[in-house]
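The values are calculated or read from the model by the stated rules, or taken from the named source; none is laboratory data. Quick caveat, the model's predicted, so the values are computed rather than measured. Here the Cβ positions follow ideal geometry from the backbone for every residue, glycine too, while neighbour counts run over all protein chains shown.
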Amino acid sequence: MRNPWMLRNPIFPKRNQKQVDFLMLDDVTEVMYGGAAGGGKSEALLMGALQYVEVPGYAAILFRKTYQDLSLPGALMDRAGEVLSGTSARWNGTNHTWTFPSGATLSFGYLDKENDRFRYQGSEFQYIGFDELTQFKERDYTYLFSRLRKKIDNQVPLRVRSGTNPGGAGHLWVKKRFDPQGRRPPIPGRMFVGAKLKDNPHIDAEDYKKTSLSQLDSQTRKQYEEGDWTDFGGNFYYPDLWPRYIDAGDAYRIRDGDRWRHIRKVDCCRIITLDWAMGKPKKGSTGEIEQELGGDCTAFTVADMTDDDDGLLFYLYCINERIPLGSNVPRLAELCRRYRPFIVAADDDNLTEAMFLDCRRFREIPTIKPMRIGSRNKLTRSQAAIVRGDRGKMFLPDLDTEYGIIHSAEHRNRTQSWVETLCDQLAAFTGADGEPDDVADTVAIMGRLADEFRPGENRDSDESVGEEGYRPYDTLNNFMH
Ligand SMILES: Nc1ncnc2c1ncn2[C@@H]1O[C@H](COP(=O)(O)OP(=O)(O)OP(=O)(O)O)[C@@H](O)[C@H]1O
Ligand SMILES: [Mg+2]
C-alpha cells in the first residue's frame, strides 16, 4: 500500500472503493475523478490533500471557482473544518490555511477573476486539487502546473487532482483532456476515474434520485445521475448518441435491435459535401480591401448514403482546415480521386462562377450540385440533418470494435481525429453566427440531400444532379477508401 498514513487515517474510516482507487494513484500526475453527482468526489479530493500531511514541508491546496463556493456550509472548507477541528492541526482564517504539527499545510484557493491565478505565483505545492473542474478555465488549470514542485529531498509525489460532474462551461476542454469515454489511447501521467452514484454507499441513492435528481431536465439528469459525458452544448446535435457502424470490408455492419444488419457498400451512393472558406473581401483597418483570413475554414465531408427510402448516412471522412483560397479546388480534386463521389454538393451561396470553372479543370470532380438555401437561417437549414441524427439515421465509425476489417494504427488515429472534430463541432452547434460551423454546414447539406433523394435516382443519369462530369456508377470504386 502506497499511502500508509492515509489508509490508516482514523479520520476517514469509511472510504469507498472508488475513492481508494483514486487515492492510490501516486505515480500518476494528473487524475480527474469525474462522473455522477454524489459519487464522493469532493470528499476524495479532501482526503487526497490530507494524504501526506505528516511529511514536513508538504503543501496542498484545494481550489473552487469562487471564495463563496469554498466557504458555504457543507463545502470543502467546512468539511475540512469538521474533520480537522479537535486535532492538532491549526486553522488560520486570514490565509485559509491549516497547518499541521509537521509544518505541512493545506490551503484553500479560488480562481474567479481573470488574474486570480497570479496570486499563487511564487507558491509551491505537491498537491493541487480542483473541485468542479468544468467551472474553471483550462488556462487557469494549466497555469497552476507551474506551482507543482518540491524540494529535492522531499519524497512526496507531485499530484494534480480534480473532481467534476459532466456539463458546465468547461465540459468540452475537460472532456478533451481526460477522455472520459475512453476513445483515445491513454496518455501517460493522466487518468480519468469514473464515479457513479452507486459507488458511494454513504448516500441513499434511491432517495437522492427520487427527491433531488428527478427535478432536473433529462440531460442534466443523465450527467448527474449516470455521469454521462455526452456533449449537450448546443442542444441540437447529439453525435455521441448516434449509432456506430463497423466497416466490414464490402459492407457496413450496424445494429438492428439485437441483431446485426449489413448494408452493402455497392448499394450506397457516395457523397461529398463542402463548405469552403471564400476568403470574403472586407475593409481592413487601413481602409483597403483585404482578404479575410480569420475564422473561416474549409470543410469537406464524405459519406455513403443508402439507395433506399431510409437514406441512411455513413460518415467516412471529414476535413476541417484553413485552406488557402487557391488550394480549395485542388484539395477537393484530391479527395474525389480518393473517394470517387457520385455527388458533390454545396450551398448555392457558397459557389461562385470562378469556382465552377476551376472545378472543370479536374476530371475527377463531378459537376457540383448547388443546394438552394434561399434566405433560410442556419438552424432551419440544419433541420433535416438534426432530425436524421435524432432518428438514428446517421452513423459514425465504431472506434472500439474488435470486428470488421483491421485498420492500421495510422488509419485509426486519422479516424479518431476527424470523428472528434465532427462530434465536437456538431455538439457545440447553436446556429448562431460567428461560431465555427463549417463541418456542421456540410452535415446540414447531407441531411437536405438525403431528404431530397429518391431511391434509384442516382442509377440513371439525372438532369437535376447534372450529367456532365458524372461517371457511371462504378461499384468497384466503393471499395476504395
Ligand atoms: N468515504 C466517505 N465516508 C463518509 N461519507 C462520505 C464518504 N464519501 C462521501 N461521503 C458523503 O457522501 C456525500 C456525497 O459526497 P461528495 O459530496 O464528496 O460527492 P460529490 O461526488 O462531490 O458530489 P457532487 O457531485 O454533488 O459534488 C457527502 O455527504 C459526503 O460527506
Ligand atoms: Mg462535490
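Table for the structure above
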| item | result |
| --- | --- |
| Test: residue in segment 79-100 that is crowded, with 19+ Cβ neighbours inside 10 Å, of a type in the set (S, T, N, Q) and at pLDDT 95 or above | no |
| Residue match in segment 227-246 (condition: acidic (Asp, Glu), in contact with a Lys or Arg (Cβ under 6 Å, 6 or more places away or on another chain), within 16 Å of ligand 1 (Cβ to nearest atom) and within 30 Å of GLN383 (Cα to Cα)) | yes |
| Filter result (part of a helix (DSSP H, G or I), over 22 Å from LYS175 (Cβ atoms) and among the small types (Gly, Ala, Ser)) within segment 396-454 | ALA409, ALA444, GLY447, ALA450 |
| Filtered residues of segment 171-214 (kept if within 17 Å of GLU138 (Cα to Cα) and not in a loop (DSSP other than H, G, I, E, B)) | HIS171, LEU172, TRP173, VAL174, LYS175, LYS176, ARG177, PHE178, ARG190, MET191, PHE192 |
| Selection within segment 51-72 - away from ligand 1 (no atom under 16 Å from the Cβ), touching a residue at least 60 places away in the same chain (Cβ under 8 Å) and more than 12 Å from SER107 (Cα to Cα) | TYR52, VAL55, GLY57 |
| Single residue of GLU364, GLU334 found to be under 20 Å from LEU274 (Cβ atoms), modelled with pLDDT of 90 or more and not in a loop (DSSP other than H, G, I, E, B) | GLU334 |
| Residue that is surrounded by the most Cβ atoms within 10 Å (Cβ to Cβ), among those in segment 237-257 that are at pLDDT below 90 and under 23 Å from GLY35 (Cα atoms) | TYR237 |
| Residue in segment 101-109 that is at pLDDT 95 or above and within 16 Å of ligand 1 (Cβ to nearest atom) present | yes |
| Filter result for ASP441 (modelled with pLDDT of 85 or more and touching a strand residue (DSSP E or B) at 6+ places or on another chain (Cβ under 6 Å)) | yes |
| Residue that is surrounded by the most Cβ atoms within 10 Å (Cβ to Cβ), among those in segment 183-205 that are modelled with pLDDT of 85 or more and under 14 Å from GLY35 (Cβ atoms) | VAL193 |
| Matching residues in segment 322-370 - criterion: being closer than 16 Å to ARG270 by Cα, touching a residue at least 60 places away in the same chain (Cβ under 8 Å) and among the charged types (D, E, K, R) | ARG338, ARG340, LYS369 |
| Residue tally, condition small (Gly, Ala, Ser) and under 33 Å from the mean Cα position of the chain (by Cα), over segment 60-94 | 4 |
| Residue within segment 346-356 that is of a type outside the set (A, V, I, L, M) and under 29 Å from the mean Cα position of the chain (by Cα) present | yes |
| Search result, residues across segment 14-45 that are modelled with pLDDT of 90 or more, within 14 Å of ligand 2 (Cβ to nearest atom) and assigned to a strand (DSSP E or B) | MET32, TYR33 |
| Filter pass, GLY48 being in contact with a strand residue (DSSP E or B) (Cβ under 6 Å, 6 or more places away or on another chain), within 14 Å of ligand 1 (Cβ to nearest atom), modelled with pLDDT under 95 and not in a loop (DSSP other than H, G, I, E, B) | yes |
| Qualifying residue in segment 179-191 (condition: within 16 Å of ligand 1 (Cβ to nearest atom) and within 24 Å of the chain's Cα centre (by Cα)) | yes |
| Residue match in segment 73-82 (condition: under 14 Å from GLU30 (Cα atoms), within 16 Å of ligand 1 (Cβ to nearest atom) and either out of contact with any strand residue (DSSP E or B) (no Cβ under 7 Å at 6 or more places or on another chain) or not β-branched (Val, Ile, Thr) (or both)) | no |
| Candidate set from segment 123-150 (those that are within 24 Å of GLY40 (Cα to Cα) and β-branched (Val, Ile, Thr)); member that is nearest to ligand 1 (Cβ to nearest atom) | THR134 |
| Subset tally (residues that are closer than 18 Å to ARG119 by Cα and among the hydroxyl-bearing types (Ser, Thr, Tyr)) for segment 68-101 | 2 |
| Residue within segment 164-175 that is small (Gly, Ala, Ser), over 26 Å from LEU422 (Cβ atoms) and away from ligand 2 (no atom under 16 Å from the Cβ) present | no |
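Matching residues to (1) more than 24 Å from LEU158 (Cβ to Cβ); (2) among the aromatic types (Phe, Trp, Tyr):
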position	(1), (2)
VAL55	no, no
ILE61	no, no
TYR67	yes, yes
ALA75	yes, no
GLU82	yes, no
THR97	no, no
THR105	no, no
ASN115	yes, no
ARG119	no, no
